[in-house]
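Student: My structure is below; once you've seen it, I'll send some questions.
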Amino acid sequence: MRLVLLGPPGAGKGTQSARLVAKYAIPQLSTGDMLRAAVEARTPIGLEAKEIMDRGALVPDAVVVGIIGQRIKEKDAANGFILDGFPRTVAQAQALDDLLIREGLKLDAVIELSVDENALLARMQNRVDETRARGGDVRADDNPQAFKTRLDAYRTQTAPVSHYYAGKGELKQVDGMAPVDAVSVAIEEALTR
Ligand code: ADP
């Protein structure tokens, strides 16, 4: 199973990915997680990405395409993967098509979690409060200003990715405003339709 999960920050991609990982025994490939690990490890990519991510802007296409190009060739991704947070621009979607063609692979589905924008800021604030309550580290970009930049990036750069897949007849939309379990059920339905 090779899936792309699309949706704005706070749409629940991470939550739903975790469930799909357990169900299908395939890895979740989150470019956000991989970039945060690179920042943490102070690799050259991490050093380049840190300031961009902290602002809430997108790191260059070539950087994330390079990361994903390597990652999908690893052994644990041989039976499939869930792409979470990638592709985030039409150029990335086209690069992904090229990568898949080169590997002789095909996407099984592109699922978009649609969420009312007014709900997203509150979801982010909730995540911050919950993280603080359990004594965890709050993400540097989970603050109102960076979040606004992330939403702007989503609107201008990532929303066209949905149109890209819709144009190819590959997009399936799921209501991300429903309760978590209902969203999971809707994703399962979308995968079989
Ligand atoms: P969220 O979905 O909550 O916005 P992510 O963890 O997916 O967060 O991404 C965090 C940040 O990492 C983004 O704001 C961006 O700076 C960077 N990033 C992640 N994936 C990509 C990507 N595919 N292209 C460019 N930048 C990315």
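Student: Have a look at 53, 34 and point out the one that is within 12 Å of the chain's Cα centre (by Cα), part of a helix (DSSP H, G or I) and within 14 Å of the ligand (Cβ to nearest atom).
Tutor: Testing whether each residue is within 12 Å of the chain's Cα centre (by Cα), part of a helix (DSSP H, G or I) and within 14 Å of the ligand (Cβ to nearest atom) leaves just 34.
Student: Still on this model: Starting from segment 6-18, take each residue that is farther than 15 Å from residue 179 by Cβ and hydrophobic (A, V, I, L, M, F, W, C) and list its partners that are near the ligand (Cβ under 10 Å from one of its atoms) and not in a loop (DSSP other than H, G, I, E, B), counting only C-beta distances under 8 angstrom and pairs at least six apart or across chains.
Tutor: 6/13; 6/158; 6/161
Student: Still on this structure, please answer the following. Could you please find all residues in segment 165-193 being closer than 20 Å to residue 116 by Cβ and in a helix (DSSP H, G or I)?
Tutor: Hits for segment 165-193 are 166, 180, 181, 182, 183, 184, 185, 186, 187, 190.
Student: Could you grab me the full set of residues in segment 98-129 that are of a type in the set (Asp, Glu) and closer than 22 Å to residue 155 by Cα?
Tutor: Residues satisfying the conditions are 112, 116, 117.
Student: Also, quick follow-up: What are the residues in segment 1-31 that are of a type in the set (D, E, K, R) and either in a loop (DSSP other than H, G, I, E, B) or surrounded by fewer than 19 Cβ atoms within 10 Å (Cβ to Cβ) (or both), if any?
Tutor: Passing the criteria: 2, 19, 23.
Student: Which numbered condition trips up residue 111, out of (1) away from the ligand (no atom under 13 Å from the Cβ); (2) more than 18 Å from residue 180 (Cβ to Cβ); (3) among the β-branched types (Val, Ile, Thr)?
Tutor: (2)
Student: Please identify the pairs in which a residue from segment 51-79 that is more than 16 Å from residue 102 (Cα to Cα) has its Cβ atom under 7 Å from the Cβ atom of a residue that is away from the ligand (no atom under 14 Å from the Cβ) and of a type outside the set (Phe, Trp, Tyr), counting only partners at least 6 apart or on another chain.
Tutor: Pairs found: 76/27; 79/26.
Student: Name every residue in segment 56-71 that is under 21 Å from residue 25 (Cα atoms) and under 15 Å from the mean Cα position of the chain (by Cα), in order of residue number.
Tutor: 68, 71 - these are the residues of segment 56-71 that are under 21 Å from residue 25 (Cα atoms) and under 15 Å from the mean Cα position of the chain (by Cα).
Student: A further question follows. Could you say which residue among 130, 117 is more than 14 Å from the ligand (Cβ to nearest atom), under 19 Å from residue 15 (Cα atoms) and either among the acidic types (Asp, Glu) or touching a residue at least 60 places away in the same chain (Cβ under 8 Å) (or both)?
Tutor: It is 130.
Student: Let me spell it out: the conditions are (1) without any contact (Cβ under 8 Å) to a residue 60 or more places away in the chain; (2) closer than 25 Å to residue 36 by Cβ; (3) hydrophobic (A, V, I, L, M, F, W, C), and residue 166 meets all of them except one. Which number is the exception?
Tutor: Against the list (1) without any contact (Cβ under 8 Å) to a residue 60 or more places away in the chain; (2) closer than 25 Å to residue 36 by Cβ; (3) hydrophobic (A, V, I, L, M, F, W, C), residue 166 comes up short only on (2).
No lab work stands behind these numbers, since they all come straight from the coordinates. Just so it is clear, the structure is predicted and the values come from calculations on it, not from any experiment. Please note: Cβ atoms are built from the backbone with ideal geometry, for glycine as well, and neighbour counts cover all protein chains shown.
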